[in-house]
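Structure first, then comments.
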Amino acid sequence: MNQQRQQAYLNLIHSLLNCPNGEEAEILDANQELVDAGLLQVMATVVQVFSEKRSEKAASSMNRLKNLAHEIEENLNADVIASQKSNQRKATKEDSQAANFLMKILEATQYSNGSPEVVYPLLAANTNKLDNIFTKNLRYWMASFFEQTQANAAKSIAEAIGNFGSLIAQFPLGDKANNMEIAIACYETIMQVFTREAFPQDWATTQLNLGNVYRERIKGDKTENIENAIFCYQAAFQVLIRQSSPQEWAMTQMGLGGAYSERIKENISENIETAISCYQVALQVLTRQSSPQEWAKAHMNLGAAYVSRIEKDKAENIENAISCLQTALQIFTRQYFPRQWAMMQMNLGVAYVSRIEKDKSQKILKMQFLVINLH
C-alpha cells in the first residue's frame, strides 16, 4: 500500500466519521475505488488508535468505525462469493468483449505512440463502454498482468496505459466523470511498475499527471480531490528538479499553483499567496519563445490570482493583474484561442471595475470597450 493510497483511505475514514448518521452509504458509493481490503486494514489500525485513548468521543468513534468496517467486510465477502459463483459458471460474453475492447485500445495506443487521431475514433465508437465496469476491469486485469509479466514487457504496457490515461483525460466525448475515473485508474495502476525506486522519472511524471486529473475530477469530494492533487504534485517534486527536468518542474509548479488557487481547506489568503509564488517560479523557466502557450497560461493564471489576492496593496494587485492578463493576450488571441481570450476579457473587466484611478470616465470607457469586444 503506497503512501498516497493510505492517505486516501484516511481521508475517506475521516469523512465517514464526521458525516451525519445515514450518509455513510452515499459517501462509500462515491468512493467505490477505495472500498477494498486495504480500507479495512487501515480501519483496523484507526480503531486500535481509538482504543488507546480514554475518552468518550474516542470510544464513540471507535464503535462507529467498527460497525462500518463490519458492514463493509460483509458486503465485500458477498461480492467475492458472487464473483466466484459467476466465474465457476463461465466467463460471460460481456466480459470477453470488455477484455477485447481494452486490448484493442492498448494496442492502438501502443503502436500509434498515443496518437489521438488513431485512438479517439475507437473511443468515439464505443463511448457506452467507458463506464465504471471498464474502470474496475482495467484495474483488475492490469494488476494481474503486471504481477505475471517480465519487467521489460510490463514497462512497455505501462507506458501504453499511461499514454491512454492522458488521452482519455482529454477525450471530449462520452461521460466526462467516467473518463476522469478511467484516467485515475490508468495512472494508479502503472505505479505498480513505475515505482520511485525503479523508474523515478516515470514515477514523477505519473504523479504530475495524476495531480492534473484529480484537479479536474468530478466524482468524489471536491475538497479531497484538491488535497489529493496537491499531494501528487508535492510528491513529484521529490524527483523533479529545475536543473535536470525544467519543463516538467515548471508544469508541476503550474499544477500546484492551480490546486492552491482552487483549494478549499486552510487559509484562503495563504493559498492564494502560494499559488502566486508557484506561477512566478514557473515563469522563471517558461518563456514565450520556448513554450508560448504555457507561458501565456502562466500569465493568465497569475493575473486571475492577483485579482483574487487579499494580501498586499489592492491597487498594486489590480495593476499586476492587468499587466499579466494583457501579456497573456499576446498569445491568447480571439482568433486562435477564443475560450482563453474570453476568460481573460472577463478577468480584465473585474480588474478594471476594481481599479483605483483618478479618472473615473477612463474606467468606464475601458469597461465599454471590453463589453463591445465580448459581443
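A few notes on this one:
- Residue list for the stretch 84-106, restricted to those being modelled with pLDDT under 75 and under 31 Å from the mean Cα position of the chain (by Cα): 94, 95, 96
- Every residue from the stretch 21-40 that is acidic (Asp, Glu) and surrounded by fewer than 13 Cβ atoms within 10 Å (Cβ to Cβ): 23, 26, 29
- Test set (1) in contact (Cβ under 8 Å) with a residue 12 or more places away in the chain; (2) surrounded by 15 or more Cβ atoms within 10 Å (Cβ to Cβ) - residue 149 fails condition number: (1)
- Residue tally, condition buried (at least 21 other Cβ atoms within 10 Å of the Cβ) and polar (S, T, N, Q), over the stretch 211-223: 1
- Qualifying residue in the stretch 202-213 (condition: charged (D, E, K, R) and modelled with pLDDT under 95): no
- The C-beta contact set for the stretch 23-34 (first residue touching a residue at least 24 places away in the same chain (Cβ under 8 Å), second residue open to solvent by 40 Å² or more (accessible area, probe 1.4 Å) and in a loop (DSSP other than H, G, I, E, B), distance under 7 angstrom, 6+ apart or interchain) comprises 30/219.
One line per residue, one yes/no per condition, for (1) in a helix (DSSP H, G or I); (2) open to solvent by 20 Å² or more (accessible area, probe 1.4 Å); (3) of a type in the set (Val, Ile, Thr); (4) touching a Ser or Thr at 6+ places or on another chain (Cβ under 9 Å):
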| residue | (1), (2), (3), (4) |
| --- | --- |
| 187 | yes, no, no, yes |
| 194 | no, no, no, yes |
| 198 | no, yes, no, no |
| 209 | yes, yes, no, yes |
| 225 | yes, no, no, no |
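- Scope the stretch 255-270; condition touching a Phe, Trp or Tyr at 6+ places or on another chain (Cβ under 7 Å) and over 17 Å from residue 221 (Cα atoms); matching residues: 255, 256, 257
- Enumeration of residues in the stretch 41-65 that are at pLDDT 85 or above, surrounded by fewer than 15 Cβ atoms within 10 Å (Cβ to Cβ) and not polar (S, T, N, Q): 44
- Tally of residues being of a type in the set (A, V, I, L, M), in a helix (DSSP H, G or I) and either surrounded by 17 or more Cβ atoms within 10 Å (Cβ to Cβ) or more than 25 Å from the chain's Cα centre (by Cα) (or both) across the stretch 119-146: 4
The values are calculated or read from the model by the stated rules, or taken from the named source; none is laboratory data. Here the structure is a predicted model, which is why all the values come from computation and not from measurement. Don't worry about glycine lacking a Cβ; one is built from the backbone with ideal geometry, like all the others, and counts go over all protein chains shown. Quick note on the areas: whole protein, heavy atoms, side chains included, nothing else; ligands and nucleic acids left out. Shrake-Rupley method; radii C 1.70, N 1.55, O 1.52, S 1.80 Å.
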